[in-house]
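Structure record follows, encoded as structure tokens.
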Amino acid sequence: MNEPVKINKIEDATAHLFLNKVLIGLIETELQLHDVRLQIARQKLDGYYIFFDVDGIIHKISIKPDGSLSHWPTGFFDTQQKILAEIVRMKKVYNN
């Protein structure tokens, strides 16, 4: 028999937002990240960056004035994409 569905507490990445060496605050969700990127793009701001820790390795990710990121390391706000990829995989398994 299948186990009942439960609502899991899923924690995603967190990252610290900086402007020219000054800590602005903690980004705790992917939506917050995208909102910050959009604000930067709308105002064409420069000098913002994020520090993100993956397994003890600190990544500095610059946010460009167009809102794009200098790079997107594995583990950086990618939980949703991983879950959606697994749903697609399960759909293929189920349909075969």
key: Dipole-positive endmost among Ser68, Pro4, Tyr48 within the chain (Cβ charges, Cα centre)   = Ser68
key: Candidates per trypsin sites (Lys or Arg not before Pro) in the stretch 1-90, loop by DSSP, up to 16 other Cβ within 10 Å   = Lys6, Lys9, Lys21, Lys44
remark   = Honestly the chain on the Cα gyration tensor test (a ≥ b ≥ c root eigenvalues; a/c under 1.5 rounded, otherwise a/b vs b/c for prolate or oblate) is just prolate
query = How far apart, in nm, are the 7 Å Cα→Cβ label points at Ile58 and Lys21?
reply = 1.3
query = Counting other C-beta atoms within 10 Å, which of His71, His34 has the fewest, and how do the rest follow?
reply = His71, His34
request  = Report the calculated FRET efficiency for Tyr94 and Thr14 (r = Cβ-Cβ distance, R0 = 41 Å), to the nearest 0.05.
outcome  = 0.75
key: Between 0 and 90°, nearest 10: helix 79-95 axis offset from the chain longest Cα axis   = 20
key: Cβ-based net charge around Ile40, under 14 Å, with every Lys or Arg adding one and every Asp or Glu removing one   = +1
query = About its Cα centre, how strong a charge dipole does the stretch 15-95 have in debye, to the nearest 20, once Lys and Arg get +1 and Asp and Glu get -1 at the Cβ?
reply = 260
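Each value in this text was obtained by applying a stated rule to the coordinates, not by laboratory testing. None of the values given here were measured: they were computed from a predicted structure. Methodologically, a virtual Cβ is constructed for each residue, glycine included, from the backbone with ideal geometry; neighbour enumeration extends over all protein chains shown.
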